[in-house]
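Colleague: I'd like to ask some things about the structure below.
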Amino acid sequence: MSRYLDDQLGTILRRRLAHHLSECQECRALLASLQHLLGVLGRAAQAGADEPAPPLAAAVRARLHEHEHEHEHE
Amino acid sequence: MVADEARLLEMHSDRVYRALRRFGLDADEASEVAQEVFLRAWRGLDRFQGRSQLSTWLYRIAFNEAQRRLSRRRPPPVAADPDGPDPIAAIPDSPDRGPDARALDRELGEAVDAALARLPPDLRAAVILRDLDGLSTDEAAAAVGVRPAAFKSRLHRGRMAMRELLTPYLDAANA
C-alpha cells in the first residue's frame, strides 16, 4: 500500500491493486487513512521548518577557526 | 572557509538538526551532534562527489550517533493522550498562517513527535527521512545503510505504526 502511495508499483501491480481497492472497502479505508497520515506528516514537517534552528553553521565555522588557529601555533 | 562550502553547511545544517530533534534528541544534544557531524564532514569534504552523497552521509553519521545516545537512555515517555483535546481537528485549512494557526501547528508537531518516539529506531528513521525530510527512497535507504527494498518494508511498517498511534487525530481530521 505504501508503494502504491509513493507511485512505486509497476503497471501490472498497480492495476491489480486498483482493481482490489474497487472491491474492498477495508483496503480503501486503509489507503485513505495512510493518505491522511502523509498529509499530517507533511504539515508537521512544514510547521517544524518554520521553527528557528540554532545558528549551527556559525558555530561550526567558529570551531573550525579555533582548530586552524591551534594548528598555526603548533 | 570559502563561500561555496559555507553555503553547503548552511543548506544542510537546519535539516539535520531538525531530523535529530525528531529522532528524539533534546535541543542541546541535537546541536552538539549536528556540530560534530559537520566538523567531520568539513574535514572529509574531498571524498564527496555530489550533494546527494554528502547529505546521505551526513544523515547516516547523525542518526548513528543519535541512536547511540538514545540507547543509553530509559524508554521514551508515552505519546499524546487520545482522550485529551484534539489539536488537529481544529487546524484550519486556510493557508493564512496567523499566530493561532502556528500554535496549532506546533501542537500537531508535538503529537507527531510523541508518536515517533514510540516507534523502534529503524522505523522512526524511515518515517523521518522519507515523510518528514522528503528524501527519495534511494537516498533514505543509503542514509540508513540498507537496500531500497528493505527500506520500503521499514517505511511501510513505520507508517502503519504511526497510523495506529495517531488514529484519534486522523479520524478527527477526516471528520
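Colleague: Consider B:Arg154 against the criteria (1) touching a Ser or Thr at 6+ places or on another chain (Cβ under 8 Å); (2) open to solvent by 30 Å² or more (accessible area, probe 1.4 Å); (3) more than 9 Å from chain A (Cβ to nearest Cβ); (4) of a type outside the set (Ser, Thr, Tyr): it satisfies all of them except one. Which criterion is unmet?
Modeller: The number of the failed condition is (1).
Listed here are the residues, each with its yes/no results for (1) surrounded by fewer than 15 Cβ atoms within 10 Å (Cβ to Cβ); (2) farther than 30 Å from B:Asp28 by Cα; (3) at the interface with chain B (Cβ under 7 Å from one of its Cβ atoms).
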{"site": "A:Tyr4", "(1), (2), (3)": "no, yes, no"}
{"site": "A:Thr11", "(1), (2), (3)": "yes, yes, no"}
{"site": "A:Arg14", "(1), (2), (3)": "yes, yes, no"}
{"site": "A:Ala58", "(1), (2), (3)": "yes, no, no"}
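Colleague: Ok, one more. Go through the range A:16-25 and give me each residue that's surrounded by 11 or more Cβ atoms within 10 Å (Cβ to Cβ) and of a type outside the set (A, V, I, L, M, F, W, C).
Modeller: Looking only at the range A:16-25, we keep the residues that are surrounded by 11 or more Cβ atoms within 10 Å (Cβ to Cβ), and these are A:16-18, A:20-21, A:24.
Of everything in the range A:16-25, those that are surrounded by 11 or more Cβ atoms within 10 Å (Cβ to Cβ) and of a type outside the set (A, V, I, L, M, F, W, C) turn out to be A:Arg16, A:His20.
Colleague: If only one of B:Asp113, B:Asp122 is under 14 Å from the mean Cα position of the chain (by Cα) and at the interface with chain A (Cβ under 10 Å from one of its Cβ atoms), which one is it?
Modeller: B:Asp113
Colleague: Of A:Ala59, A:Ala32, which residue is over 19 Å from B:Asp133 (Cβ atoms) and either touching a helix residue (DSSP H, G or I) at 6+ places or on another chain (Cβ under 7 Å) or touching a residue at least 24 places away in the same chain (Cβ under 8 Å) (or both)?
Modeller: Working: A:Ala32 fails: either touching a helix residue (DSSP H, G or I) at 6+ places or on another chain (Cβ under 7 Å) or touching a residue at least 24 places away in the same chain (Cβ under 8 Å) (or both).
After applying the criteria, what remains is A:Ala59.
Colleague: Please count how many residues of the range B:13-34 are more than 9 Å from chain A (Cβ to nearest Cβ) and under 19 Å from B:Thr56 (Cβ atoms).
Modeller: Within the range B:13-34, residues that are more than 9 Å from chain A (Cβ to nearest Cβ) and under 19 Å from B:Thr56 (Cβ atoms) number 4.
Colleague: Determine whether the range B:37-44 contains at least one residue that is surrounded by fewer than 16 Cβ atoms within 10 Å (Cβ to Cβ), modelled with pLDDT of 85 or more, more than 9 Å from chain A (Cβ to nearest Cβ) and outside any helix (DSSP H, G or I).
Modeller: Checked the range B:37-44: no residue is surrounded by fewer than 16 Cβ atoms within 10 Å (Cβ to Cβ), modelled with pLDDT of 85 or more, more than 9 Å from chain A (Cβ to nearest Cβ) and outside any helix (DSSP H, G or I).
Colleague: Out of the range B:125-151, which residues are more than 9 Å from every other protein chain (Cβ to nearest Cβ) and not in a helix (DSSP H, G or I)?
Modeller: B:Leu135, B:Ser136, B:Gly145, B:Val146, B:Arg147
Colleague: Checking A:Arg28 against (1) modelled with pLDDT of 75 or more; (2) at the interface with chain B (Cβ under 10 Å from one of its Cβ atoms); (3) loosely packed, with under 14 Cβ neighbours inside 10 Å: exactly one of these is not met. Which one?
Modeller: (2)
Colleague: Going through B:Ala149, B:Ala117, B:Ala142, B:Ala161 one at a time, which residue ends up being among the aliphatic types (A, V, I, L, M), over 19 Å from B:Ile61 (Cα atoms), surrounded by fewer than 23 Cβ atoms within 10 Å (Cβ to Cβ) and in contact (Cβ under 8 Å) with a residue 60 or more places away in the chain?
Modeller: Going through B:Ala149, B:Ala117, B:Ala142, B:Ala161 in turn, just one is among the aliphatic types (A, V, I, L, M), over 19 Å from B:Ile61 (Cα atoms), surrounded by fewer than 23 Cβ atoms within 10 Å (Cβ to Cβ) and in contact (Cβ under 8 Å) with a residue 60 or more places away in the chain: B:Ala117.
The values are calculated or read from the model by the stated rules, or taken from the named source; none is laboratory data. Everything numeric here is computed off the predicted structure, so don't read it as measured data. Heads up, the Cβs are rebuilt from the backbone with ideal geometry, glycines too, and the neighbour counts pull from every protein chain shown. In case anyone asks, the SASA skips ligands and DNA or RNA and just uses the protein heavy atoms, side chains included. Shrake-Rupley method; radii C 1.70, N 1.55, O 1.52, S 1.80 Å.
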